[in-house]
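The values are calculated or read from the model by the stated rules, or taken from the named source; none is laboratory data. Nothing here was measured: the structure is a model prediction, and the numbers come from that model. No Cβ is skipped: glycine too gets one built from the backbone with ideal geometry, and neighbour counts run over all protein chains shown.
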Amino acid sequence: METQKFSYDNNIVRAFLYATIVFGMVGFLVGLTAAAMLFYPELPEYIFGTDDATIVSLQSGNLQGLINSHGTLGFGRIRMLHTSAVIFAFVCNGFFAGAYYSLQRLLKTRMYSDTLSWIHFWGWQLMIVAVVITFTMGINTSKEYAEHEWPIDILITVIWVIFGINMFVTILKRRVRHLYVAIWFYLGTWVAIAMLHIFNNLEVPLSFTGWKSYSAYAGVKDALVQWWYGHNAVAFVLTTPVLGLMYYFLPKAADRPIFSYKLSIIHFWSLIFVYIWAGPHHLQYTAIPGWAQALGTGFSIMLIAPSWGGMLNGLLTLRGAWDKVRENPILKFFVVAITCYGMATFEGPILATKTLNKIGHYTDWVIGHVHIGALGWNGFITFGMIYYLIPIMWRTKLWSVKLANWHFWLGTLGIIFYAVPLYIAGFTQGLMWKQFNPDGTLLYKNWLDTVTAIIPYYEMRFVGGLLYITGATLMCVNVIATVRRGSFQKNVPAEAPALAKISNQRKEGEGLHLWIERMPTVLTVLSFVAVAIGGFAEIVPTLLIKENVPTIAAVKPYTPLELEGRDLYIREGCNSCHTQMIRPFRDEVVRFNGKNGQYSKAGEFIYDRPFLWGSKRTGPDLHRQGGKNPSSWHYKHMLNPRVTSAGSIMPRYPWLIARDLDRSQMVAKVELMKNTFDVPYTQAQVDSADVWADNQAAAIVKDIFAEAADVKSAYAAKKEADGANFVPLEKKEIIALIAYLQRLGTDIKTTEIQTASTK
């Protein structure tokens, strides 16, 4: 066969590598900021200004700077910015860098289209910049790992399709017959993410000229679809593509073949089949159907087998090469990464069991678990890949092996100091929640007692993050020095014989999987089937069977003002710290619901688009918040939580009091709910939406003024001072938010639930 000459495109790999490093540092810094705010909630005041004399501020001694920030540094926004930066900017860019490098060499061909490669690169970076801007502005959907609004969702879809076309056509023009295991994981990743992203992000825009949209699903259905997506975003963004990188770069760095081909086969097919079913384990003891909870637990436990099979396949590849680990920092990173993968994939199934979930869920144990995967598995695989690629692509030795080793040890210590304190904090808080006195009262009745007890662990977590980012900074120094010393080659000459054409039929004596490997279309279709079965089995029954979500007659749609307040709640990312899901535990019913005795029912959420159950309780659950505190308390709480709740780590929200409520789309929102989602508003209610909102706002302000004479007198003085420019309290955002908070859980008022007929 005639040898063909071609070249590998290193330029696109370089671009994705640089993006990985830059956005990785941004993601780490934002995460460190979020970690600091959990023990120093006054950080925004320190930066923007405050009227609190106990806080030294960089700005003038008033609150206007913080008001003018409009929540730019709000914890809820920072948190979702951090997760998206790490997932979509750091890990995805790293995956693309590794995929573009390895695909060309495994397939012995250049990528199909340089143009598509660069459209992919610039499109993805545009998406990241758009995410930063919109999240900072409070434009989000609140759905974990999928907070992007609809225009960005469309952009992600387009770019993902472009990447897929480039990858698939490159595979078709390959000069190697069989596809290596890394490519199986790349294909499985592409198929699964395409399916997950499209179905989870089905939403209806309020208008095609704005950013606001509402989920196509509501309540329980939305929760199930979201965590089918959310858990599998971890599976198919943070796991399978990184496994593909492991299967390529680990053998290369160790100069050893992968330990077991058969184990690779078992690992791939069992992992992509089982993973997709496990999403409901994020919703244990919630209002989802019992069968879905059991399904999530069962398949989560099954996940241990394929996950550990992959871990062992990676570690055993180093048989006979452990002496290299002592000398080679790249292998050090890979060994710890694979170990963290094994730890995280054992801990996840354990947390999915109901016995431990009742203690660990909603606590920092889950956060520690996630960061073992993110910092250890994703971060260290990416760092190892960077250290492997930079010297090769710039045709020089790494500038400093010693500095790389320092990075490794600082990163490893960072992971330990980050995760272990969160494990302890999670155990501590989860057990504190459940303690009762002999007389049947809660031992820690004040929620803040369970928060202040774990603040030292938050401080230790910050130290861990600081160590980790310090190590990453050393990597940046090492990379810059290596690049400056080396000589980059954009196009790397290569040659290989053309692939001879043979029948697509399975040959005599050819193993089934060997045949599948040389049939990329078959491999892709089978991958889709493997991931789709679990999705359809899990989601379709809930979407189609009405009895899964019985209607509660007492539950009514939100008023127009409450809808506006709910959107403000989403804008500020309040669900990052507050859940809205009281589980059927004695301690939760007593703590959050008092004498009413009602845990959260599925039928209470039928008008919630999106659902707002949350996944972490830094603050107390809010599902029965309505009527618990007077409206004046909410007003003062948002102005300064530490005045109403001494020791609170909640940040201040004074801009809600200062900003006028934009009601220009309020009627359109009500009409959308009625016409698109069949929410039972009457036409008279739609037509009188503005009057309805005015009356409700006036009633709330009347209550505030009656309850708080200081607030009433302050507004009287402000009215006199502002004259014609005065805007009454009724028109401010805070009133809409209070309207929403005071509504939560008030539809159910008795210990008996009356359900409407589902026949």
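Please determine whether any residue of the stretch 329-345 is out of contact with any Gly (no Cβ under 9 Å at 6 or more places or on another chain), touching a residue at least 24 places away in the same chain (Cβ under 8 Å) and either more than 16 Å from Val274 (Cβ to Cβ) or among the small types (Gly, Ala, Ser) (or both).
Checked the stretch 329-345: no residue is out of contact with any Gly (no Cβ under 9 Å at 6 or more places or on another chain), touching a residue at least 24 places away in the same chain (Cβ under 8 Å) and either more than 16 Å from Val274 (Cβ to Cβ) or among the small types (Gly, Ala, Ser) (or both).
When residues of the stretch 589-644 are filtered for being on the phi < 0 side of the Ramachandran plot and in a loop (DSSP other than H, G, I, E, B), how many remain?
Result for the stretch 589-644: 27.
For the stretch 346-359, give me the residue count where each residue is aliphatic (A, V, I, L, M), without any contact (Cβ under 8 Å) to a residue 12 or more places away in the chain and farther than 12 Å from Leu303 by Cβ.
Number satisfying all stated conditions: 1.
Do you know which residues across the stretch 651-689 are of a type outside the set (A, V, I, L, M, F, W, C) and over 28 Å from Asn68 (Cα atoms)?
Within the stretch 651-689, Glu671, Lys674, Asn675, Thr676, Asp678, Pro680, Tyr681, Thr682, Gln683, Gln685, Asp687, Ser688 qualify.
List the residue pairs whose Cβ atoms are under 8 Å apart, where the first residue sits in the stretch 360-382 and is in contact (Cβ under 8 Å) with a residue 40 or more places away in the chain and β-branched (Val, Ile, Thr), the second is surrounded by fewer than 24 Cβ atoms within 10 Å (Cβ to Cβ) and outside any helix (DSSP H, G or I), and the two are 6 or more positions apart or on different chains.
So the pair list comes out as Thr363/Lys616; Thr363/Arg617; Val366/Ser615; Val366/Lys616; Ile367/Lys616.
Of Ala182, Ala223, which residue is within 20 Å of the chain's Cα centre (by Cα), in contact (Cβ under 8 Å) with a residue 60 or more places away in the chain and buried (at least 21 other Cβ atoms within 10 Å of the Cβ)?
Exactly one residue qualifies, and that residue is Ala223.
Being out of contact with any Asp or Glu (no Cβ under 8 Å at 6 or more places or on another chain) and either assigned to a loop (DSSP other than H, G, I, E, B) or not assigned by TED's automatic domain parsing to the domain that holds Ile133 (or both) is the filter here; which residues of the stretch 43-87 pass it?
Listed by number, the residues that qualify are Gly49, Asp51, Ala53, Thr54, Val56, Leu58, Gln59, Ser60, His70, Thr72, Leu73.
Restricting attention to the stretch 19-31, does a residue exist that is modelled with pLDDT of 90 or more and not in a helix (DSSP H, G or I)?
No, the stretch 19-31 contains no residue that is modelled with pLDDT of 90 or more and not in a helix (DSSP H, G or I).
Considering each residue of the stretch 275-302, count those that are surrounded by fewer than 23 Cβ atoms within 10 Å (Cβ to Cβ) and under 30 Å from Val522 (Cα atoms), and give that number.
Within the stretch 275-302, residues that are surrounded by fewer than 23 Cβ atoms within 10 Å (Cβ to Cβ) and under 30 Å from Val522 (Cα atoms) number 5.
Out of curiosity, is Leu403 within 30 Å of Ser487 (Cβ to Cβ), crowded, with 21+ Cβ neighbours inside 10 Å, in contact (Cβ under 8 Å) with a residue 60 or more places away in the chain and more than 25 Å from the chain's Cα centre (by Cα)?
The answer is no for Leu403.
Look through Thr396, Thr450, Thr428 and report the one residue that is outside any helix (DSSP H, G or I), touching a helix residue (DSSP H, G or I) at 6+ places or on another chain (Cβ under 9 Å) and β-branched (Val, Ile, Thr).
It is Thr396.
Out of the helices (runs of 4 or more DSSP H) lying entirely within the stretch 197-302, which hold 2 or more residues that are within 22 Å of Ser142 (Cβ to Cβ)?
Where helices (runs of 4 or more DSSP H) fall fully within the stretch 197-302 and carry at least 2 residues being within 22 Å of Ser142 (Cβ to Cβ), they are 219-236, 290-302.
Going by what's in this entry, would Phe208 be described as within 20 Å of Tyr145 (Cβ to Cβ) and either of a type in the set (Gly, Ala, Ser) or outside the structural domain of Pro610 (by TED's automatic domain parsing) (or both)?
No.
Within the stretch 88-178, which helices (runs of 4 or more DSSP H) (wholly inside it) include 1 or more residues that are among the polar types (S, T, N, Q), buried (at least 22 other Cβ atoms within 10 Å of the Cβ) and without any contact (Cβ under 8 Å) to a residue 12 or more places away in the chain?
It comes to none.
When only residues in the stretch 238-267 that are crowded, with 17+ Cβ neighbours inside 10 Å and hydroxyl-bearing (Ser, Thr, Tyr) count, which is farthest from Ile330 (Cα to Cα)?
Ser264
Condition check ((1) under 29 Å from the mean Cα position of the chain (by Cα); (2) surrounded by fewer than 22 Cβ atoms within 10 Å (Cβ to Cβ)) across all residues:
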residue: Glu572; (1), (2): yes, no
residue: Asn575; (1), (2): yes, no
residue: Phe585; (1), (2): yes, yes
residue: Val590; (1), (2): no, yes
residue: Gly626; (1), (2): yes, yes
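Looking only at residues in the stretch 504-560 that are polar (S, T, N, Q) and at pLDDT 90 or above, which one is farthest from Gly603 (Cα to Cα)?
Going through the qualifying residues, I end up with Thr521.
Tally up the residues in the stretch 329-350 that are farther than 17 Å from His371 by Cβ and at pLDDT 95 or above, please.
Looking only at that region, the number is 6.
Could you figure out which of (1) buried (at least 22 other Cβ atoms within 10 Å of the Cβ); (2) in a loop (DSSP other than H, G, I, E, B); (3) at pLDDT 95 or above isn't true of Leu656?
Single failed check for Leu656: (2).
For the stretch 684-702, which positions are within 19 Å of Ser713 (Cα to Cα) and touching a helix residue (DSSP H, G or I) at 6+ places or on another chain (Cβ under 6 Å)?
Ala697, Ala698, Ile700, Val701
Please determine whether any residue of the stretch 723-733 is of a type in the set (Lys, Arg), assigned to a loop (DSSP other than H, G, I, E, B) and in contact (Cβ under 8 Å) with a residue 12 or more places away in the chain.
No, because not a single residue in the stretch 723-733 is of a type in the set (Lys, Arg), assigned to a loop (DSSP other than H, G, I, E, B) and in contact (Cβ under 8 Å) with a residue 12 or more places away in the chain.
I'm trying to understand the selection: among the residues of the stretch 353-371, which are surrounded by fewer than 24 Cβ atoms within 10 Å (Cβ to Cβ), β-branched (Val, Ile, Thr) and under 21 Å from Thr83 (Cβ atoms)?
Across the stretch 353-371, the qualifying residues are Val366, Ile367, Val370.
Scan the helices (runs of 4 or more DSSP H) fully inside the stretch 503-586 and keep the ones with 2 or more residues being in contact (Cβ under 8 Å) with a residue 60 or more places away in the chain, touching a helix residue (DSSP H, G or I) at 6+ places or on another chain (Cβ under 7 Å) and small (Gly, Ala, Ser).
So the answer is 520-544.
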